[in-house]
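Trainee: Can you read through this structure? Questions will come right after.
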Amino acid sequence: MNSKPCILVTGGTGFIGSHTAVALLQAGFETVIIDNLSNSYHEVIDRIDTITGTRPAFHRVDMRDDQSLNEIFSLHQFDAVIHFAALKAVSDSVDQPLLYYHNNLVSLLNLINACMQHKTDKLVFSSSCTVYGQPEQLPVTENTPVQKPHSPYGNTKKISEEILRDCSAASLLNVISLRYFNPCGAHDTGLIGEFPIGKPNNLMPVITQTAAGIIPQFEIFGNNYNTPDGSCIRDYIHISDLADAHVKALERLIRKQNDSCFEVFNVGTGTGISVLEMVNAFERLTGIKLKHTISGRRAGDIEQIWADTSKAENVLGWKAKLTLDDMILTAWKWQQQLTQKTVYTK
Ligand code: NAD
Ligand code: WQD
(Lines give C-alpha, C1' and ligand atoms only; values in the text may rest on other atoms or scores of the structure.)
(Ligands and ions follow the chains in the order given, each with its own letter.)
Protein backbone atom coordinates (compact mmCIF):
# COMPACT_ATOMS: atom_id res chain seq x y z
CA MET A 1 0.00 0.00 0.00
CA ASN A 2 1.15 3.57 -0.78
CA SER A 3 2.21 5.76 2.12
CA LYS A 4 -0.84 7.82 1.18
CA PRO A 5 -3.74 5.44 0.51
CA CYS A 6 -5.45 6.19 -2.79
CA ILE A 7 -9.24 6.39 -2.63
CA LEU A 8 -11.67 6.35 -5.55
CA VAL A 9 -14.66 8.59 -4.85
CA THR A 10 -17.51 7.89 -7.26
CA GLY A 11 -20.05 10.70 -7.53
CA GLY A 12 -17.39 12.92 -5.96
CA THR A 13 -18.56 16.21 -7.44
CA GLY A 14 -22.00 15.69 -5.87
CA PHE A 15 -23.23 17.05 -2.54
CA ILE A 16 -21.98 14.37 -0.15
CA GLY A 17 -19.07 13.25 -2.35
CA SER A 18 -17.53 16.74 -2.58
CA HIS A 19 -17.59 17.26 1.20
CA THR A 20 -16.15 13.80 1.70
CA ALA A 21 -13.39 14.49 -0.85
CA VAL A 22 -12.46 17.57 1.21
CA ALA A 23 -12.40 15.50 4.41
CA LEU A 24 -10.30 12.78 2.75
CA LEU A 25 -7.74 15.23 1.37
CA GLN A 26 -7.53 16.95 4.74
CA ALA A 27 -7.00 13.57 6.40
CA GLY A 28 -4.08 12.87 4.05
CA PHE A 29 -5.65 10.48 1.53
CA GLU A 30 -4.88 10.67 -2.18
CA THR A 31 -8.28 11.19 -3.79
CA VAL A 32 -9.49 10.39 -7.30
CA ILE A 33 -12.98 11.53 -8.27
CA ILE A 34 -15.16 10.14 -11.02
CA ASP A 35 -18.56 11.53 -11.95
CA ASN A 36 -20.67 11.82 -15.09
CA LEU A 37 -21.77 15.33 -13.96
CA SER A 38 -25.43 14.36 -14.45
CA ASN A 39 -26.27 16.11 -11.16
CA SER A 40 -23.19 18.20 -10.40
CA TYR A 41 -20.62 20.54 -11.90
CA HIS A 42 -16.98 20.38 -12.85
CA GLU A 43 -16.32 23.65 -10.96
CA VAL A 44 -16.66 21.67 -7.72
CA ILE A 45 -13.14 20.37 -8.36
CA ASP A 46 -11.83 23.98 -8.30
CA ARG A 47 -13.68 24.56 -5.05
CA ILE A 48 -12.21 21.43 -3.45
CA ASP A 49 -8.78 22.63 -4.58
CA THR A 50 -9.40 26.07 -3.05
CA ILE A 51 -10.52 24.62 0.28
CA THR A 52 -7.82 21.97 0.65
CA GLY A 53 -4.91 23.32 -1.39
CA THR A 54 -4.86 19.98 -3.25
CA ARG A 55 -6.51 19.29 -6.58
CA PRO A 56 -8.01 15.83 -6.70
CA ALA A 57 -7.65 13.90 -9.95
CA PHE A 58 -10.96 14.00 -11.83
CA HIS A 59 -12.29 11.81 -14.64
CA ARG A 60 -15.66 12.36 -16.26
CA VAL A 61 -16.98 8.82 -16.45
CA ASP A 62 -20.43 7.31 -16.62
CA MET A 63 -20.25 4.24 -14.41
CA ARG A 64 -22.74 2.40 -16.59
CA ASP A 65 -19.88 2.22 -19.12
CA ASP A 66 -17.79 -0.65 -17.74
CA GLN A 67 -14.94 -0.15 -20.20
CA SER A 68 -14.37 3.47 -19.19
CA LEU A 69 -14.61 2.50 -15.55
CA ASN A 70 -11.99 -0.22 -15.99
CA GLU A 71 -9.67 2.27 -17.67
CA ILE A 72 -9.76 4.41 -14.52
CA PHE A 73 -8.82 1.38 -12.45
CA SER A 74 -5.89 0.80 -14.82
CA LEU A 75 -4.68 4.37 -14.37
CA HIS A 76 -4.67 4.30 -10.55
CA GLN A 77 -4.09 1.64 -7.90
CA PHE A 78 -7.00 2.15 -5.51
CA ASP A 79 -6.73 1.04 -1.90
CA ALA A 80 -10.46 1.57 -1.39
CA VAL A 81 -13.58 3.02 -2.95
CA ILE A 82 -16.36 5.22 -1.61
CA HIS A 83 -19.38 4.79 -3.82
CA PHE A 84 -21.71 7.81 -3.90
CA ALA A 85 -22.68 7.87 -7.57
CA ALA A 86 -26.42 7.33 -7.92
CA LEU A 87 -29.62 9.07 -8.90
CA LYS A 88 -31.47 10.09 -5.75
CA ALA A 89 -34.76 11.90 -6.46
CA VAL A 90 -37.48 9.78 -4.88
CA SER A 91 -40.40 11.08 -6.97
CA ASP A 92 -38.42 10.91 -10.25
CA SER A 93 -37.70 7.28 -9.46
CA VAL A 94 -41.44 6.58 -9.30
CA ASP A 95 -41.86 8.13 -12.78
CA GLN A 96 -38.71 6.60 -14.27
CA PRO A 97 -38.05 3.34 -12.43
CA LEU A 98 -36.03 1.77 -15.22
CA LEU A 99 -33.63 4.71 -15.33
CA TYR A 100 -33.10 4.44 -11.58
CA TYR A 101 -32.63 0.66 -11.52
CA HIS A 102 -30.32 0.82 -14.53
CA ASN A 103 -28.23 3.75 -13.31
CA ASN A 104 -27.89 2.77 -9.67
CA LEU A 105 -27.57 -0.99 -10.04
CA VAL A 106 -25.52 -1.28 -13.26
CA SER A 107 -23.08 1.30 -11.84
CA LEU A 108 -22.70 -0.79 -8.70
CA LEU A 109 -22.25 -4.07 -10.59
CA ASN A 110 -19.65 -2.50 -12.90
CA LEU A 111 -17.86 -1.09 -9.87
CA ILE A 112 -17.73 -4.44 -8.08
CA ASN A 113 -16.43 -6.07 -11.26
CA ALA A 114 -13.71 -3.46 -11.67
CA CYS A 115 -12.77 -3.88 -7.99
CA MET A 116 -12.45 -7.66 -8.54
CA GLN A 117 -10.34 -7.29 -11.64
CA HIS A 118 -7.99 -4.78 -10.05
CA LYS A 119 -7.82 -6.31 -6.55
CA THR A 120 -9.47 -3.47 -4.67
CA ASP A 121 -11.39 -5.13 -1.87
CA LYS A 122 -12.56 -2.27 0.37
CA LEU A 123 -15.73 -0.32 -0.29
CA VAL A 124 -17.83 2.20 1.62
CA PHE A 125 -21.40 2.41 0.34
CA SER A 126 -23.93 5.27 0.50
CA SER A 127 -27.07 3.76 1.91
CA SER A 128 -30.05 5.51 3.38
CA CYS A 129 -32.43 5.45 6.33
CA THR A 130 -35.10 5.01 3.66
CA VAL A 131 -34.45 1.24 3.98
CA TYR A 132 -36.18 1.30 7.41
CA GLY A 133 -39.48 2.74 6.11
CA GLN A 134 -41.68 3.72 9.08
CA PRO A 135 -40.19 1.69 11.93
CA GLU A 136 -42.37 0.44 14.76
CA GLN A 137 -39.83 1.39 17.40
CA LEU A 138 -37.73 4.53 17.68
CA PRO A 139 -34.88 5.27 17.56
CA VAL A 140 -33.84 2.82 14.85
CA THR A 141 -30.81 0.64 15.39
CA GLU A 142 -28.94 -1.21 12.65
CA ASN A 143 -30.95 -4.30 13.68
CA THR A 144 -34.30 -2.64 13.02
CA PRO A 145 -35.83 -4.67 10.20
CA VAL A 146 -35.51 -3.32 6.69
CA GLN A 147 -38.94 -2.81 5.12
CA LYS A 148 -40.40 -2.97 1.66
CA PRO A 149 -39.19 0.28 0.05
CA HIS A 150 -41.69 3.01 -0.80
CA SER A 151 -40.00 3.92 -4.09
CA PRO A 152 -37.79 2.46 -6.82
CA TYR A 153 -35.01 4.72 -5.48
CA GLY A 154 -35.36 3.18 -2.01
CA ASN A 155 -35.42 -0.25 -3.59
CA THR A 156 -32.09 0.42 -5.35
CA LYS A 157 -30.55 1.04 -1.90
CA LYS A 158 -32.06 -2.15 -0.46
CA ILE A 159 -30.98 -4.23 -3.47
CA SER A 160 -27.51 -2.64 -3.51
CA GLU A 161 -27.01 -3.60 0.13
CA GLU A 162 -28.09 -7.16 -0.69
CA ILE A 163 -25.69 -7.36 -3.65
CA LEU A 164 -22.86 -6.06 -1.49
CA ARG A 165 -23.75 -8.40 1.37
CA ASP A 166 -23.66 -11.40 -1.00
CA CYS A 167 -20.37 -10.33 -2.60
CA SER A 168 -18.75 -9.79 0.77
CA ALA A 169 -20.02 -13.17 2.00
CA ALA A 170 -18.25 -14.71 -1.00
CA SER A 171 -15.03 -13.04 0.26
CA LEU A 172 -14.90 -10.68 -2.70
CA LEU A 173 -15.16 -7.44 -0.73
CA ASN A 174 -15.06 -5.79 2.68
CA VAL A 175 -17.96 -3.38 2.82
CA ILE A 176 -19.19 -0.73 5.21
CA SER A 177 -22.67 0.48 4.37
CA LEU A 178 -23.49 3.85 5.91
CA ARG A 179 -27.18 4.51 6.30
CA TYR A 180 -27.48 8.28 6.20
CA PHE A 181 -30.39 10.01 7.84
CA ASN A 182 -31.15 13.52 6.44
CA PRO A 183 -27.96 15.26 5.29
CA CYS A 184 -28.09 19.05 5.10
CA GLY A 185 -25.97 22.16 5.60
CA ALA A 186 -22.86 23.06 3.63
CA HIS A 187 -19.12 23.51 4.02
CA ASP A 188 -18.35 26.35 6.44
CA THR A 189 -16.40 28.22 3.73
CA GLY A 190 -19.61 28.53 1.70
CA LEU A 191 -17.67 27.17 -1.30
CA ILE A 192 -19.44 23.82 -1.70
CA GLY A 193 -22.95 22.73 -0.84
CA GLU A 194 -26.07 21.13 -2.17
CA PHE A 195 -26.96 22.21 -5.69
CA PRO A 196 -30.34 20.81 -6.61
CA ILE A 197 -30.88 20.95 -10.35
CA GLY A 198 -34.46 22.09 -10.91
CA LYS A 199 -37.03 22.41 -8.14
CA PRO A 200 -35.74 21.07 -4.84
CA ASN A 201 -37.69 18.45 -2.87
CA ASN A 202 -35.69 18.28 0.33
CA LEU A 203 -36.68 20.52 3.19
CA MET A 204 -33.47 22.53 3.69
CA PRO A 205 -33.00 23.71 0.07
CA VAL A 206 -36.75 24.42 -0.09
CA ILE A 207 -36.38 26.64 2.98
CA THR A 208 -33.23 28.45 1.81
CA GLN A 209 -34.64 29.01 -1.70
CA THR A 210 -37.81 30.42 -0.14
CA ALA A 211 -35.76 32.74 2.07
CA ALA A 212 -33.80 33.83 -1.02
CA GLY A 213 -37.05 34.61 -2.87
CA ILE A 214 -36.51 31.92 -5.52
CA ILE A 215 -39.52 29.94 -4.29
CA PRO A 216 -42.45 32.33 -3.53
CA GLN A 217 -43.73 30.16 -0.68
CA PHE A 218 -43.45 26.54 0.33
CA GLU A 219 -45.79 23.93 1.70
CA ILE A 220 -45.44 22.16 5.02
CA PHE A 221 -46.67 18.70 4.19
CA GLY A 222 -49.10 17.99 7.02
CA ASN A 223 -49.57 19.18 10.61
CA ASN A 224 -51.83 16.39 11.79
CA TYR A 225 -49.25 13.64 12.36
CA ASN A 226 -49.00 11.89 15.69
CA THR A 227 -46.02 14.01 16.78
CA PRO A 228 -45.80 16.74 19.46
CA ASP A 229 -46.44 19.62 17.00
CA GLY A 230 -48.19 17.56 14.30
CA SER A 231 -45.41 17.88 11.68
CA CYS A 232 -43.03 15.11 10.56
CA ILE A 233 -39.83 14.37 12.43
CA ARG A 234 -36.42 13.59 10.88
CA ASP A 235 -32.83 13.23 12.03
CA TYR A 236 -31.00 16.01 10.17
CA ILE A 237 -27.23 15.65 10.05
CA HIS A 238 -24.61 18.21 9.03
CA ILE A 239 -22.86 17.31 5.79
CA SER A 240 -19.40 17.87 7.32
CA ASP A 241 -20.14 15.41 10.14
CA LEU A 242 -21.40 12.95 7.54
CA ALA A 243 -18.19 13.41 5.52
CA ASP A 244 -16.13 12.62 8.62
CA ALA A 245 -18.06 9.38 9.14
CA HIS A 246 -16.75 8.25 5.74
CA VAL A 247 -13.17 8.90 6.77
CA LYS A 248 -13.71 6.82 9.92
CA ALA A 249 -15.30 3.99 7.93
CA LEU A 250 -12.47 4.02 5.45
CA GLU A 251 -9.82 3.98 8.16
CA ARG A 252 -11.55 1.00 9.76
CA LEU A 253 -11.38 -0.94 6.48
CA ILE A 254 -7.81 0.09 5.65
CA ARG A 255 -6.60 -0.90 9.13
CA LYS A 256 -8.53 -4.17 8.76
CA GLN A 257 -10.41 -3.46 11.98
CA ASN A 258 -13.80 -4.54 10.61
CA ASP A 259 -15.41 -7.37 12.57
CA SER A 260 -17.11 -8.83 9.51
CA CYS A 261 -16.87 -8.33 5.79
CA PHE A 262 -20.22 -6.50 5.69
CA GLU A 263 -20.96 -3.90 8.33
CA VAL A 264 -23.78 -1.37 8.60
CA PHE A 265 -23.79 1.90 10.56
CA ASN A 266 -26.50 4.48 11.08
CA VAL A 267 -25.21 7.98 10.47
CA GLY A 268 -27.40 10.57 12.14
CA THR A 269 -27.32 12.76 15.24
CA GLY A 270 -29.76 10.70 17.28
CA THR A 271 -32.10 13.69 17.63
CA GLY A 272 -35.45 14.10 15.90
CA ILE A 273 -36.40 17.57 14.65
CA SER A 274 -39.87 18.43 13.35
CA VAL A 275 -40.55 20.44 10.20
CA LEU A 276 -42.04 23.25 12.30
CA GLU A 277 -39.02 23.26 14.62
CA MET A 278 -36.77 23.56 11.56
CA VAL A 279 -38.79 26.48 10.19
CA ASN A 280 -38.80 28.27 13.55
CA ALA A 281 -35.05 27.73 14.02
CA PHE A 282 -34.34 29.15 10.55
CA GLU A 283 -36.48 32.23 11.23
CA ARG A 284 -34.83 32.75 14.64
CA LEU A 285 -31.28 32.46 13.28
CA THR A 286 -31.67 34.52 10.11
CA GLY A 287 -34.44 36.94 11.10
CA ILE A 288 -36.20 36.05 7.83
CA LYS A 289 -39.88 35.17 7.92
CA LEU A 290 -40.50 32.14 5.70
CA LYS A 291 -43.63 32.29 3.57
CA HIS A 292 -45.37 28.96 3.83
CA THR A 293 -48.72 27.24 3.88
CA ILE A 294 -49.78 24.07 5.62
CA SER A 295 -50.92 21.57 3.01
CA GLY A 296 -51.89 17.91 2.95
CA ARG A 297 -49.50 15.08 3.65
CA ARG A 298 -46.97 14.25 0.90
CA ALA A 299 -47.51 10.78 -0.56
CA GLY A 300 -44.98 8.28 0.75
CA ASP A 301 -43.78 10.44 3.68
CA ILE A 302 -43.12 8.61 6.89
CA GLU A 303 -44.26 10.21 10.12
CA GLN A 304 -41.09 10.14 12.17
CA ILE A 305 -37.65 8.61 12.30
CA TRP A 306 -34.39 9.21 14.08
CA ALA A 307 -31.29 7.13 14.59
CA ASP A 308 -29.76 5.22 17.43
CA THR A 309 -26.14 6.18 16.76
CA SER A 310 -24.49 4.18 19.53
CA LYS A 311 -22.95 1.64 17.13
CA ALA A 312 -21.21 4.38 15.11
CA GLU A 313 -20.08 5.97 18.37
CA ASN A 314 -18.79 2.81 20.05
CA VAL A 315 -17.45 0.87 17.07
CA LEU A 316 -16.51 3.51 14.51
CA GLY A 317 -15.47 6.16 17.04
CA TRP A 318 -17.63 8.73 15.26
CA LYS A 319 -20.23 11.08 16.67
CA ALA A 320 -21.91 14.10 15.10
CA LYS A 321 -20.46 17.33 16.52
CA LEU A 322 -22.33 20.05 14.66
CA THR A 323 -25.70 21.44 15.72
CA LEU A 324 -28.96 22.24 13.96
CA ASP A 325 -27.89 25.91 14.07
CA ASP A 326 -24.68 24.99 12.19
CA MET A 327 -26.75 23.15 9.56
CA ILE A 328 -29.05 26.10 9.04
CA LEU A 329 -26.38 28.81 9.06
CA THR A 330 -24.06 27.00 6.63
CA ALA A 331 -26.95 26.10 4.31
CA TRP A 332 -28.05 29.75 4.33
CA LYS A 333 -24.50 31.01 3.72
CA TRP A 334 -24.24 28.63 0.75
CA GLN A 335 -27.61 29.72 -0.63
CA GLN A 336 -26.66 33.41 -0.39
CA GLN A 337 -23.40 32.76 -2.16
CA LEU A 338 -25.27 30.91 -4.93
CA THR A 339 -27.87 33.64 -5.29
CA GLN A 340 -25.27 36.41 -5.53
CA LYS A 341 -22.93 34.80 -8.02
CA THR A 342 -24.00 31.60 -9.66
CA VAL A 343 -20.81 30.42 -11.27
CA TYR A 344 -21.56 26.83 -12.12
CA THR A 345 -21.92 25.95 -15.77
CA LYS A 346 -22.26 22.57 -17.48
P1 NAD B 1 -25.73 14.04 -5.67
O2 NAD B 1 -26.70 13.89 -6.79
O3 NAD B 1 -25.35 15.42 -5.27
O4 NAD B 1 -24.38 13.22 -5.99
C5 NAD B 1 -24.40 12.03 -6.73
C6 NAD B 1 -23.37 12.18 -7.85
O7 NAD B 1 -23.36 10.98 -8.63
C8 NAD B 1 -23.73 13.32 -8.81
O9 NAD B 1 -22.62 14.19 -8.91
C10 NAD B 1 -24.03 12.63 -10.13
O11 NAD B 1 -23.63 13.41 -11.24
C12 NAD B 1 -23.24 11.34 -9.99
N13 NAD B 1 -23.75 10.21 -10.78
C14 NAD B 1 -25.01 9.72 -10.83
N15 NAD B 1 -25.08 8.66 -11.66
C16 NAD B 1 -23.82 8.47 -12.14
C17 NAD B 1 -23.24 7.55 -13.05
N18 NAD B 1 -23.97 6.61 -13.67
N19 NAD B 1 -21.92 7.64 -13.30
C20 NAD B 1 -21.17 8.58 -12.72
N21 NAD B 1 -21.65 9.49 -11.86
C22 NAD B 1 -22.97 9.43 -11.57
O23 NAD B 1 -26.31 13.24 -4.44
P24 NAD B 1 -25.81 13.19 -2.93
O25 NAD B 1 -26.85 13.81 -2.09
O26 NAD B 1 -24.41 13.65 -2.84
O27 NAD B 1 -25.90 11.62 -2.68
C28 NAD B 1 -24.76 10.78 -2.74
C29 NAD B 1 -25.17 9.37 -2.40
O30 NAD B 1 -25.78 9.34 -1.11
C31 NAD B 1 -26.20 8.76 -3.34
O32 NAD B 1 -25.92 7.39 -3.50
C33 NAD B 1 -27.51 8.94 -2.59
O34 NAD B 1 -28.46 7.98 -2.98
C35 NAD B 1 -27.04 8.72 -1.17
N36 NAD B 1 -27.93 9.33 -0.16
C37 NAD B 1 -28.21 10.67 -0.23
C38 NAD B 1 -29.04 11.25 0.72
C39 NAD B 1 -29.43 12.70 0.65
O40 NAD B 1 -30.44 13.09 1.25
N41 NAD B 1 -28.67 13.56 -0.04
C42 NAD B 1 -29.54 10.47 1.77
C43 NAD B 1 -29.20 9.11 1.82
C44 NAD B 1 -28.39 8.57 0.84
C1 WQD C 1 -38.10 16.16 5.22
C2 WQD C 1 -39.39 16.59 5.88
C3 WQD C 1 -41.32 16.45 4.46
C4 WQD C 1 -40.22 19.58 1.67
C5 WQD C 1 -35.68 12.08 1.53
C6 WQD C 1 -35.66 10.74 0.85
C7 WQD C 1 -34.80 9.77 1.61
C8 WQD C 1 -33.41 10.35 1.86
C9 WQD C 1 -33.48 11.71 2.46
C10 WQD C 1 -31.92 9.63 0.13
C11 WQD C 1 -40.56 15.68 5.52
C12 WQD C 1 -41.05 17.88 4.87
C13 WQD C 1 -40.19 18.72 2.74
C14 WQD C 1 -41.22 20.60 1.63
C15 WQD C 1 -42.06 19.82 3.73
N16 WQD C 1 -32.68 10.51 0.65
N17 WQD C 1 -41.09 18.82 3.75
N18 WQD C 1 -42.09 20.68 2.67
O19 WQD C 1 -38.53 12.83 2.88
O20 WQD C 1 -37.12 12.55 4.96
O21 WQD C 1 -36.19 11.90 2.83
O22 WQD C 1 -34.33 12.55 1.65
O23 WQD C 1 -31.74 8.50 0.45
O24 WQD C 1 -34.72 8.62 0.85
O25 WQD C 1 -36.98 10.25 0.79
O26 WQD C 1 -36.51 14.31 3.30
O27 WQD C 1 -36.04 16.69 3.01
O28 WQD C 1 -37.72 15.58 1.46
O29 WQD C 1 -38.31 15.96 3.83
O30 WQD C 1 -42.88 19.92 4.62
O31 WQD C 1 -41.33 21.38 0.66
O32 WQD C 1 -39.74 17.89 5.38
O33 WQD C 1 -42.70 16.19 4.46
O34 WQD C 1 -41.35 15.55 6.65
P35 WQD C 1 -37.20 12.87 3.53
P36 WQD C 1 -37.11 15.68 2.82
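The values are calculated or read from the model by the stated rules, or taken from the named source; none is laboratory data. Just so we're clear, the structure is a prediction, and the values are computed from it rather than from any experiment. With ideal geometry, Cβ positions are generated from the backbone for all residues, glycine too; neighbour counts draw on all protein chains shown. All accessible areas refer to the heavy atoms of the entire protein, side chains included, with ligands and DNA or RNA removed. Shrake-Rupley method; radii C 1.70, N 1.55, O 1.52, S 1.80 Å.
Trainee: When ligands, DNA and RNA are left out and all protein chains stay put, how many square angstrom of accessible area per residue does the chain have with a 1.4 Å probe? Show your work: numbers first, answer last.
Mentor: Working: 14930 Å² over 346 residues.
Per-residue accessible area for the chain comes out at 43 Å².
Trainee: Another question about this same structure. For segment 93-137, what does the alpha-carbon gyration tensor say about shape, rounded, prolate or oblate, given a ≥ b ≥ c as the root eigenvalues, a/c under 1.5 as rounded, and a/b over b/c as prolate?
Mentor: oblate
Trainee: Report the FRET efficiency, 1/(1 + (r/R0)^6), for residue 256 and residue 55, where r is their Cβ-Cβ distance and R0 is 25 Å, rounded to 0.05.
Mentor: Numbers: r = 30 Å, r/R0 = 1.20.
The computed FRET efficiency comes out at 0.25.
Trainee: What percent does the relative contact order of the chain come to when contacts are Cα pairs within less than 8 Å and at least six residues apart?
Mentor: Details: 666 pairs, mean separation 67.3, N = 346.
For the chain, the relative contact order is 19 percent.
Trainee: Under a Cβ-only charge scheme (Lys and Arg +1, Asp and Glu -1), can you give me the dipole magnitude of the chain about the Cα centre, in debye to the nearest 20? Mind showing how you got there, number by number?
Mentor: On the way: 30 positive and 36 negative charges, 62 e Å.
Charge dipole of the chain: 300 debye, to the nearest 20.
Trainee: Between 309, 13, 144, which gets the highest mean-square fluctuation from a Gaussian network model of the chain, Cα cutoff 10 Å?
Mentor: Residue with maximal mean-square fluctuation among 309, 13, 144: 144.
Trainee: Could you please state how large a percent of the accessible area of segment 1-138 is carbon and sulfur, counting protein chains only and using a 1.4 Å probe?
Mentor: Heavy-atom surface of segment 1-138 belonging to carbon and sulfur, 1.4 Å probe: 47 percent.
Trainee: List, in the order given, every pair from 157/248; 248/289; 199/248; 158/319 whose Cα-Cα distance in the structure shown is over 28 Å.
Mentor: Details: 157/248 21 Å; 248/289 39 Å; 199/248 33 Å; 158/319 25 Å.
Violating the 28 Å Cα-Cα cut-off are 248/289; 199/248.
Trainee: Starting from 0.36 nm per residue, how many nanometres of slack lie between residue 291 and residue 226 once their C-alpha separation is accounted for? Spell out each step's value before the answer.
Mentor: Values: separation 65, 0.36 × 65 = 23.40 nm, distance 2.43 nm.
Gain on extension, residue 291 to residue 226, equals 21.0 nm.
Trainee: Just from its helices, what would the mean residue ellipticity at 222 nm be for the chain, if runs of 4 or more DSSP H residues each count -39500 (n - 2.57) and the sum is divided by every residue, rounded to the nearest 500 deg cm²/dmol?
Mentor: Working: 11 runs with 126 residues, N = 346.
Estimated from H runs of four or more residues: -11000 deg cm²/dmol.
Trainee: Another question, then. So, with +1 on the Cβ of K and R and -1 on the Cβ of D and E, and no other charges, what is the size of the charge dipole of segment 1-81 about its Cα centre, to the nearest 20 debye? Walk me through the intermediate numbers first.
Mentor: Numbers: 5 positive and 10 negative charges, 41 e Å.
That gives a dipole near 200 debye.
Trainee: If I take every Cα pair under 8 Å that is 6 or more residues apart in segment 46-110, average their sequence separation and divide by the length, what percent do I get for the relative contact order? Write out the running numbers ahead of the final one.
Mentor: Numbers: 33 pairs, mean separation 22.0, N = 65.
Normalised by residue count, the contact order of segment 46-110 is 34 percent.
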